1. Go through segment 178-228 and report how many residues are open to solvent by less than 20 Å² (accessible area, probe 1.4 Å) and of a type in the set (D, E, K, R).
2. Run residue 315 past the list (1) farther than 30 Å from residue 39 by Cβ; (2) in contact with a Ser or Thr (Cβ under 8 Å, 6 or more places away or on another chain) and report the number of the one that doesn't hold.
3. Which of (1) at pLDDT 85 or above; (2) under 30 Å from residue 178 (Cα atoms) is the odd one out, the single condition residue 234 does not satisfy?
4. Kindly establish whether residue 26 is open to solvent by 70 Å² or more (accessible area, probe 1.4 Å), in a helix (DSSP H, G or I) and modelled with pLDDT of 55 or more.
5. Right, residue 175: open to solvent by 30 Å² or more (accessible area, probe 1.4 Å) and assigned to a strand (DSSP E or B) or not?
6. Restricting to segment 286-318, name every residue that is part of a loop (DSSP other than H, G, I, E, B) and among the hydrophobic types (A, V, I, L, M, F, W, C).
7. Kindly indicate whether residue 14 is exposed (fewer than 11 other Cβ atoms within 10 Å of the Cβ), modelled with pLDDT under 55 and over 56 Å from the mean Cα position of the chain (by Cα).
Amino acid sequence: MEDQNHIHQDEISIKEIILTAKKWINFLLKRWVFIGIACFVGGAIGFYVHSSKEVTYIAKLVFVTSEGEDGGGLSKLSSLGSQFGINLGGGSSSAFGGENLLELMKSRRLVVETLFDSVTLKGKDTRLLEYYLSRFSVIDDDIEPVSFSNVKTFEQCNYRQDSLLNIIYENLTKEALSVSNLDKDLAFKVVEFTDIDEQFAKVFVENLTKNVTEFYVETKTSQSKKNIQLLQEKADSVERELSKNMVSAAVSKDRSVFSSNTQSLVNTTKKQMKAQMLGTIYAEVIKNLELSKTMAAHNEPLIQVIDSPRFPLEKEESSLIIMLLAGLMGGLFISGGYLIGRELYRDLMAE
């Protein structure tokens with residue numbers, strides 16, 4: 001009996017829902033003129049948004065990084081270099097690995113440095129910064145324009161120039177620049193830059209990747225270069241000392257030929273032994289120097305571009321049909337909600 005009552009109550013609830021829905025549908029149909037005007041206005045708004053939105057272009061660049069091989073070879077090099085008090089370790093092998101490299105490409109230093117690159121756009125030699133400022137108003141009209149004609153690098157900028165650069169940087173990195181992994185299981189990374197100017201988008205993403213590559217390689221190999229320089233200085237120093245001792249040993253030997261003094265023979269022998277010792281040290285330093293050069297070349301990281309942007313770039317524009325449908329549906333829901341809400345309010349006030 002209880003199950004039958006429960007089923008009966010469910011049937012009543014469903015009927016009430018259907019009857020209520022029919023009631024409000026008929027209510028809205030009687031006011032089709034108001035709803036039609038609202039839908040027309042919504043469609044017009046959708047059409048205006050579509051027509052006023054500028055077409056943008058997407059410059060996409062795909063690259064992969066190679067870290068080199070820092071394994072056993074570098075360990076051998078470190079042990080050899082430690083004989084002369086020189087650290088040949090990799091140290092920063094993972095400083096820009098994984099997600100760090102992606103954040104590096106969006107860093108303020110490298111993005112702003114790219115803006116100061118000299119390029120040729122639309123047949124004119126200019127800098128990306130001046131070209132950007134010529135197209136966009138990033139400051140209010142009542143503020144005196146900021147010129148960068150007197151600076152060559154971002155380090156030379158004054159307070160106002162640096163403030164404007166910060167605004168441009170925020171605009172580029174938050175709205176236009178995107179850096180991500182192409183796939184979570186792959187080492188490929190993709191840089192995308194969106195802009196209303198097709199040429200600017202292509203040049204900017206290429207120059208940014210070039211600057212990041214140079215900074216990345218320079219940072220990763222700086223320790224190796226310092227170590228090679230130290231070994232080279234050590235080799236030059238030992239070579240000079242070896243040359244002096246070889247000459248001194250030869251002169252002492254020549255003098256001992258005409259001398260019967262045993263002490264002169266001992267001095268000659270000492271100088272010859274020192275020359276031999278320096279010769280052994282020099283040979284070891286040269287071996288480490290050549291090994292360090294080989295290992296540095298072997299472990300040099302690389303950003304290899306797989307796909308660079310090509311004209312024509314991919315377009316990004318809104319769909320007229322989608323914008324019209326969105327406007328129509330928006331007008332329908334807003335007008336319908338307004339009418340139903342007003343009617344419910346009147347019924348509530350009447351009670």
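The values are calculated or read from the model by the stated rules, or taken from the named source; none is laboratory data. On a predicted model such as this, the values are computed, not experimentally measured, just so you know. Note: ideal-geometry Cβ built from the backbone for every residue, glycine included; neighbour counts use all protein chains shown. Note: areas computed on protein heavy atoms with side chains; ligands, DNA, RNA excluded. Shrake-Rupley method; radii C 1.70, N 1.55, O 1.52, S 1.80 Å.
1. 3
2. (1)
3. Here residue 234 meets the rest and fails (2).
4. So residue 26 fits the description; yes.
5. So residue 175 does not fit the description; no.
6. Residues satisfying the conditions are 311, 313.
7. So residue 14 does not fit the description; no.
Rundown of residues vs (1) at pLDDT 80 or above; (2) open to solvent by 90 Å² or more (accessible area, probe 1.4 Å); (3) more than 58 Å from the chain's Cα centre (by Cα), yes/no style:
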residue	(1), (2), (3)
251	no, no, yes
271	no, no, yes
276	yes, yes, no
295	no, no, no
311	yes, yes, no
337	yes, no, no
346	yes, yes, yes
